[in-house]
Amino acid sequence: DKEMEDLDHEMLKMVVMSLERLKNGTYKESEDAEILWTTTTPTTTTTTVDGHGSNGNNNNNINNNSQGERETLALTTYVFSTLLGHEAVSDPVLLTKYKEIATRVRDQLISSSSSSLPSSSPSSKFVFKSEESRGNQGSSSPLPPPVSELVPYLCRFHCNNFSIHDAQLFTLAEGTFPIGALFNHSCRPNAIVMYEGKVQIVRALEDIEPGQEVCTSYVDNGVQRLERRQLLKDKYFFDCCCPRCEDHSLQGIETDKTTTTKKKKTGFRILDDLIEGDQDGEDGKKKINGEWLTHQFDTIILPGARSLQVVGPSLQPPSTFTRASFTSYILHSLVPLIQTEVSEHVYTDRLFEIFKVLQETPHCRPKPFTTTVMTNATSFFNTCLEHQSWTLASKIGTFILAMYLMIYPRHHPLIGLHCFTLAKSLWNDVEGGGLTSVRLSHEMLKLARNILKVSHGTTTTTTTTFTNLRENEVFVQEVESFMKTVEMELGS
């Protein structure tokens, strides 16, 4: 926790300095902005909103400028002041820690303000000179805000901070993005938070209708309902009532004094019942081993590339769902819909049909599509990749893709990134799969590209070079470049 305390310390110091510059009129966006980036914890940062949905349409209800506009520090700071910190219900131990941090920051700023030494960094000598800092504390000399004012800043940061990640979703730092914090949460979001260096970008994952709320997700959508709701309650102090979480128990409807009927769950409310369960292993034991897992996934038959290209009628479900039949059913049902860019309405209807089939069709034991099984599969997938067991890795990878398609929105970057990794595994599986694996690798690259162009964005000009692309766009071009390599192999 020492690292987190250091981050909180630096964050608070940067916020106080920025506020003072705004108050005394010395802050200049062009000259002083970089001062806020002297630590790995960005504090007053920029959010832009990109209104491209699943079919690449501009959604002006999000932002009239699809390229986004950078807000000034003054606006960012104002919005930060309006965010909830939930001090009244925060853990007293946490508040005590925040008071200690605030005291240290204040003492450090007072010391730097009175220091006669030459400044060696932006914060080594910082002078408070605004009228507010001079007059509010009964002192003839300007002072930083009192500790009682600084603690709420830390509380707001704790309840509204973001994990900043790169194009491959690897976390780099934490920061406060006040504009981004205004978006509400949903466990089935229609927008995603991405980053281009210091800039936060909120991109639509689907076409969003005028008047429809734009929601991001504060937690991993792949976590089971009880854990998600507890995470949201502990950090953000609310009970989630999104489409996946509302009505999370069967509602009894009283018809008379002796009879009660049950209202059956529908839509996304079915999903969490399907993926809940903590058993994986032989005879439902929680302990698993590599030999048993190998047998479970070795039965998966990789789909043909052409079978994933054409949208057909709803498939006849298997008599029993195993990991192999589940994988085949999900991929053949959903991948063609993504490749052909059907409307969100059509895609969601098919997804709900799948949920109902999974709910009503018998399945093997342990249940093959729980998050516990997915977690173990992901770990085993990475082990196979590390040991270059390409054939088995590719089979496990298709199962994970089926799970992701069931849980996450179809243009979620996690799905696109996984497709890229799966494509590389298939490409390397020349001995095991031959040309069939190469063709499927190409299909997975197409799927990755179609998804990442929505989540990561892409340039619309054909003359753009790698040197003037943004990081996320560069990653999309890396996928397209690999696609050309595979196409050359298929054409030779």
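The values are calculated or read from the model by the stated rules, or taken from the named source; none is laboratory data. Computed from a prediction, not measured in an experiment: that's the story for all the values here. FYI the Cβ positions are ideal-geometry reconstructions off the backbone, even for glycines, and counts take in every protein chain you see. Quick note on the areas: whole protein, heavy atoms, side chains included, nothing else; ligands and nucleic acids left out. Shrake-Rupley method; radii C 1.70, N 1.55, O 1.52, S 1.80 Å.
Looking for something surrounded by fewer than 19 Cβ atoms within 10 Å (Cβ to Cβ) and under 18 Å from Gln309 (Cα atoms) - is there at least one such residue anywhere in the range 349-359?
yes
When you go through Thr103, Thr72 one by one, which is the residue that is within 30 Å of Val214 (Cα to Cα) and either modelled with pLDDT of 55 or more or exposed (fewer than 12 other Cβ atoms within 10 Å of the Cβ) (or both)?
Thr72
Write out, first by first residue and then by second, each pair whose Cβ atoms fall under 9 Å of each other, whose residues are 6+ apart or on separate chains, and whose first residue, in the range 372-391, is touching a residue at least 40 places away in the same chain (Cβ under 8 Å) while the second is open to solvent by 60 Å² or more (accessible area, probe 1.4 Å) and of a type in the set (D, E, K, R).
Listed pairs, sorted by first residue: Thr372/Asp278; Thr372/Lys286; Leu385/Lys424; Trp390/Glu431; Thr391/Asp298; Thr391/Glu431.
Determine which single condition Gly397 fails, assuming it passes every other condition in (1) in contact with a Ser or Thr (Cβ under 9 Å, 6 or more places away or on another chain); (2) without any contact (Cβ under 8 Å) to a residue 60 or more places away in the chain; (3) more than 30 Å from Pro243 (Cβ to Cβ).
(3)
Would the range 225-239 turn up any residue that is under 23 Å from Glu471 (Cα atoms) and surrounded by fewer than 19 Cβ atoms within 10 Å (Cβ to Cβ)?
Looking for residues that are under 23 Å from Glu471 (Cα atoms) and surrounded by fewer than 19 Cβ atoms within 10 Å (Cβ to Cβ), one finds none in the range 225-239, hence no.
State whether the residues of the range 154-169 include one that is in contact with a His (Cβ under 7 Å, 6 or more places away or on another chain), open to solvent by 40 Å² or more (accessible area, probe 1.4 Å) and at pLDDT 90 or above.
There is no residue in the range 154-169 that is in contact with a His (Cβ under 7 Å, 6 or more places away or on another chain), open to solvent by 40 Å² or more (accessible area, probe 1.4 Å) and at pLDDT 90 or above.
Report the residue count in the range 324-348 for those that are on the phi < 0 side of the Ramachandran plot and open to solvent by 10 Å² or more (accessible area, probe 1.4 Å).
Residues in the range 324-348 being on the phi < 0 side of the Ramachandran plot and open to solvent by 10 Å² or more (accessible area, probe 1.4 Å): 13 in total.
What are the residues in the range 439-484 that are among the hydroxyl-bearing types (Ser, Thr, Tyr) and at pLDDT below 95, if any?
Hits for the range 439-484 are Thr458, Thr459, Thr460, Thr461, Thr462, Thr463, Thr464, Thr465, Thr467.
Which condition does Thr77 not pass, out of (1) exposed (fewer than 15 other Cβ atoms within 10 Å of the Cβ); (2) modelled with pLDDT under 90; (3) under 27 Å from Tyr236 (Cβ atoms), if it passes all the others?
(1) is the only condition that Thr77 fails.
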